[in-house]
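One structure, pasted below without further comment.
The values are calculated or read from the model by the stated rules, or taken from the named source; none is laboratory data. All figures in this text were calculated on a predicted structure; none of them were measured in a lab. Neighbour counts run over all protein chains shown; Cβ positions are idealised from the backbone, glycine included.
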Amino acid sequence: MVNTQQTITIPQRPSLWNPKTVSALAVLIGLGLAAYQAGLGRPGLVLINWGGWPQLREFWLASLHPDLSPEFVALMGRAALVTLAYAVLGTTLSVGLGLVGGVLSSAVWWQTLLPGGGPRQGLRQGLWLGVRGLLAFPRAIHELIWGLVLLQVLGLDPMVGVLAIAIPFGAIVAKVFSEILDETPQEPLYALLNAGAPPLAALVYGLLPQALPNLLSYTFYRFECSLRSSAVLGIIGAGGLGYEIFLSLQSLRYEQLWTGFYALILLNGAVDAWSGLVRRRMGFTSRLDINRKPGDVAPRPGLKAPRQDRWLRLSWLGVVLAIPLSGWFLGLDVAVLWSARTQRLLGELLATGWPSPPSWPEIINLAQLAWLTLAMSMVAIALAGLFGIFVSLPAAQNLLLPGGLLQPIGQHRPWPWVEYGLLGLSRLVLLISRAIPAPIWALVLLYMLFPGVLPGALALALHNFGILGRLMAEVNENLDDRPVRALSALGAGPGAVVAYGILPQNLGRFLAYILYRWEVCLRETVIVGLVGAGGLGRLLTEQISSFDYRGVTITLAVFVALTFGVDAVSQQLRGVLRE
């Protein structure tokens, strides 16, 4: 007899303990400890400063009647031009430095220059790691700290603001550019190399044209970041809108303060609209592309070719003219960089800043402050990410508007103006949130809360919420709508469409954006610490004010090490998300 029975193999259930679940559990435990450190859920801990609420009421009432006198409006207009000029020059220099650093810190460049194995492989790996390590230091220090250091050497010179943006941003741009180059398809590059082209020529003609859309798109995003940073630099006296806002806040002139806020919001909104329009006409889908291969970004169908687009020609002409005009407007003099006075002050700073080993009590204090700083960044980015996901839904044009994914054509809408109102309101909230610098948010929150981790975390959360919400709204606008429309056709309601159609597609990229901003948020803890929010930033303020350059160097070294750790954890978690 022939045995016709077949053995049925039942597949084993996947283990719950996989890299994603373990990482999620570790993140939840870390967030719980950070929230407890910030004071959330700790009974008996008084966090609210009831005595500052009357001033807070005056602050909000002043928003209804800002100072619109011609003299002050003219002052704010000139300050806005100063802020814009710093952003233009800082972005230009940082992109130039970043392009060179991005090529030198990319793995594909060293593979092109030193092909093969054996000793060349070890040399190639050493050179690559050396360049990346060299660029990691300047990007770990916030531009405000660079500004404070440069003030000691250059004084109140416009070069302080330009270099304070260009140095850390150049290193950040180099890191992102190197990742873009490494992830770009390399078949044309190797085809040129095999044909006998020199390494540099093969890179320029075989790799850069493919990576150019992503490089330009990130350049636009970096310009928007430079605009916000140039406003922050006003706190240390670099001029611009940030300086005028800080002066108004110190003197409690809330009407003038709100005039500065409105000017900053209008400037950020104008740059945001211009950047978005140019990117759309060039076919770029987002400001910052994370967790997607750069080669996937392609021009949208139906757009004009760049050569035939009058708006693009005018925009590029404006960019070319803006660079020399910004230098002329600020009165930039590069000769100050190699003057005798600068060399003498730099020598004195290096001599006094060389640290001796810290004592054991100093090490314990630095470790405690480092944990406070880390907890502040974790609470901030968790709140910013949670609310950013929530607000990104009404802020996306393709969801709530008529014919959108949550409002199919033919569906009855009793109040059609509500969708347009939600779109405008959500985008306005995101614009205000990201336009106002985190230190200003911290000073406002200190009216309501006592100094500590919580006001710093909330200030960072407010600022990063606007940035994350806008990036996430673009992710919603660029999602594949076929599964979502299929759910709608089957009768699923808006809640089910979001839960089963939108979030499953976009949650991975949302989390990747949150992790990316966490690295930036950690750097920003220094600037809220400078205004009394706690952590390493507050210690740094005390050391700078007392000219304790040895202490400044040690504190910065601890902060750099902390930044490297967060950078490594963030990259590891983003790698888990891509699996």
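Looking at (1) in contact (Cβ under 8 Å) with a residue 12 or more places away in the chain; (2) under 22 Å from the mean Cα position of the chain (by Cα), find the lone condition where ALA270 falls short.
Every condition holds for ALA270 apart from (1).
Also: Being surrounded by fewer than 22 Cβ atoms within 10 Å (Cβ to Cβ) and either within 21 Å of VAL429 (Cβ to Cβ) or touching a Cys at 6+ places or on another chain (Cβ under 6 Å) (or both) is the filter here, so list the residues in region 230-241 that pass it.
Across region 230-241, there are no qualifying residues.
May I pose another question? Find all pairs meeting these conditions: Cβ atoms under 9 angstrom apart; at least six residues apart or on different chains; first residue within region 467-485 and closer than 27 Å to CYS521 by Cα; second residue in a helix (DSSP H, G or I) and of a type in the set (Asp, Glu).
From region 467-485, the pairs are ILE467/GLU224; ARG470/ASP272.
Let me ask another. Can you name the residue in region 547-569 that is among the hydroxyl-bearing types (Ser, Thr, Tyr) and modelled with pLDDT of 80 or more and, of all such residues, is surrounded by the most Cβ atoms within 10 Å (Cβ to Cβ)?
THR555
Which ones in region 338-381 are in contact with a Lys or Arg (Cβ under 8 Å, 6 or more places away or on another chain) and either basic (Lys, Arg) or surrounded by fewer than 17 Cβ atoms within 10 Å (Cβ to Cβ) (or both)?
Scanning region 338-381 gives THR352, TRP354, PRO355, SER356.
Another question, then. Tell me, which residue of region 295-315 that is within 25 Å of the chain's Cα centre (by Cα) and exposed (fewer than 13 other Cβ atoms within 10 Å of the Cβ) is modelled with the highest pLDDT?
ASP296
Do you know which of the residues in region 109-124 that are in a helix (DSSP H, G or I) and either touching a helix residue (DSSP H, G or I) at 6+ places or on another chain (Cβ under 8 Å) or at positive phi (or both) is modelled with the lowest pLDDT?
So the residue we want is ARG124.
Just the residues that are crowded, with 17+ Cβ neighbours inside 10 Å and among the basic types (Lys, Arg), please, taken from region 464-495.
ARG470
Cβ-Cβ under 9 Å, sequence separation 6+ or interchain: first residue in region 109-129 and closer than 21 Å to ALA201 by Cβ and without any contact (Cβ under 8 Å) to a residue 40 or more places away in the chain, partner loosely packed, with under 13 Cβ neighbours inside 10 Å and among the hydrophobic types (A, V, I, L, M, F, W, C). Which pairs?
TRP110/LEU123; LEU114/LEU123
Turning to a different aspect of this structure: Going through region 238-267 one residue at a time, which ones are among the hydroxyl-bearing types (Ser, Thr, Tyr) and in contact (Cβ under 8 Å) with a residue 60 or more places away in the chain?
TYR243, TYR254, THR259, TYR262
Run down VAL566, VAL558 and say which single residue is touching an Asp or Glu at 6+ places or on another chain (Cβ under 8 Å) and within 28 Å of PHE450 (Cβ to Cβ).
Result of the check over VAL566, VAL558: VAL566.
When region 218-271 is examined, which residues are found to be at negative phi and outside any helix (DSSP H, G or I)?
Matches in region 218-271: ALA238, SER251, ARG253.
Can you name the condition, by its number, that PHE137 falls short on among (1) under 30 Å from PHE261 (Cα atoms); (2) at pLDDT below 90; (3) under 21 Å from the mean Cα position of the chain (by Cα)?
For PHE137, the exception is condition (1).
Which members of region 419-437 meet the condition of being among the aliphatic types (A, V, I, L, M), in a helix (DSSP H, G or I) and at pLDDT 85 or above?
Hits for region 419-437 are LEU425, LEU428, VAL429, LEU430, LEU431, ILE432, ALA435.
Does LEU539 satisfy the criteria of being touching a Gly at 6+ places or on another chain (Cβ under 9 Å), crowded, with 21+ Cβ neighbours inside 10 Å and in contact (Cβ under 8 Å) with a residue 60 or more places away in the chain?
Against the criterion (touching a Gly at 6+ places or on another chain (Cβ under 9 Å), crowded, with 21+ Cβ neighbours inside 10 Å and in contact (Cβ under 8 Å) with a residue 60 or more places away in the chain), LEU539 qualifies.
Taking only region 172-209 into account, find how many residues are touching a residue at least 60 places away in the same chain (Cβ under 8 Å), of a type in the set (A, V, I, L, M, F, W, C) and assigned to a helix (DSSP H, G or I).
11
If you scan region 135-165, which residues turn out to be of a type in the set (D, E, K, R) and not in a loop (DSSP other than H, G, I, E, B)?
Of everything in region 135-165, those that are of a type in the set (D, E, K, R) and not in a loop (DSSP other than H, G, I, E, B) turn out to be ARG139, GLU143.
Now for a separate question. Go over the candidates GLY469, GLY495 one by one and state the one that is in a helix (DSSP H, G or I) and touching a Ser or Thr at 6+ places or on another chain (Cβ under 9 Å).
Being in a helix (DSSP H, G or I) and touching a Ser or Thr at 6+ places or on another chain (Cβ under 9 Å) holds for just one of GLY469, GLY495, which is GLY469.
Out of contact with any helix residue (DSSP H, G or I) (no Cβ under 8 Å at 6 or more places or on another chain) and closer than 22 Å to GLY240 by Cβ: which single residue out of LEU93, LEU156, LEU129, LEU148 fits that description?
LEU156
Next question. Exactly one of these conditions fails for LEU212: (1) out of contact with any Leu (no Cβ under 9 Å at 6 or more places or on another chain); (2) hydrophobic (A, V, I, L, M, F, W, C); (3) touching a residue at least 12 places away in the same chain (Cβ under 8 Å); (4) part of a helix (DSSP H, G or I). Give me its number.
Exception for LEU212: condition (3).
Kindly provide the set of residues from region 67-95 that are assigned to a helix (DSSP H, G or I) and free of Cβ contacts under 8 Å to residues at least 40 places away in the same chain, ordered by number.
Residues satisfying the conditions are PRO70, GLU71, ALA74, ARG78.
Give the number of residues within region 105-130 that are under 20 Å from PHE169 (Cα atoms) and surrounded by fewer than 19 Cβ atoms within 10 Å (Cβ to Cβ).
Here the count works out to 2.
Please state which one of GLU224, GLU244 is at pLDDT 85 or above, under 21 Å from LEU428 (Cβ atoms) and among the acidic types (Asp, Glu).
Answer to the check: GLU224.
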